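This report refers to the structure that appears directly beneath it.
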Amino acid sequence: MRTKQVRPDKLEFEYELYVSKGHDDIQKRDFIEFEFRTIKVFENFAYKINVIPNITANKKELAFNIEGLSAPHLDFSRSGTASFVFKFFDFQKSEYSLMISKYRKNKTMFRFEISDSGIKLTLDPEKKFIKVITEERFVS
């Protein structure tokens, strides 16, 4: 008698991107933080997501290419999601286009608006491999 093969549930998204506003006390400047995370939790290592940013601030275009994962450079193991953080300092209160691709293929275009009150997603396509979550209301 054969044992039934158990497969993990198929995830709706591979990645999540959290977009929020932060402040650097050393530079005394605000920034917009883009924090990429995998949905999958890794048991032995907290991997790093390899992301190549391409920012054209004057055209209000931000692009991130996800190139895969790499193992951490630490001697001890730790479980958790893989992550990557990018801080965008030269932002204006305006609308931006956000292109996210995986291996320079599988491109998804988003749009978001930065205002005094928060960051709002203005274009969120139906078909995508990443879920974008924005800080719609800034916490004072």
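The values are calculated or read from the model by the stated rules, or taken from the named source; none is laboratory data. What you are looking at is a predicted structure, and each value in this text was computed from that prediction instead of being measured. Cβ placement follows ideal geometry from the backbone for every residue including glycine, while neighbour counts extend to all protein chains displayed.
The residue pairs whose first member lies in segment 30-54 and is acidic (Asp, Glu), whose second member is at pLDDT below 85 and loosely packed, with under 13 Cβ neighbours inside 10 Å, and whose beta carbons are closer than 9 Å, counting only pairs six or more residues apart or on different chains, are Glu43/Ser77; Glu43/Ser79. The condition (being under 27 Å from Ile26 (Cα atoms) and touching a helix residue (DSSP H, G or I) at 6+ places or on another chain (Cβ under 9 Å)) is satisfied by just one residue among Phe64, Phe91: Phe91. Identify all residues within segment 106-134 that are of a type in the set (S, T, N, Q) and either in a strand (DSSP E or B) or in contact (Cβ under 8 Å) with a residue 24 or more places away in the chain (or both); write none if there are none. Result: Asn106, Thr108, Thr122, Thr134.
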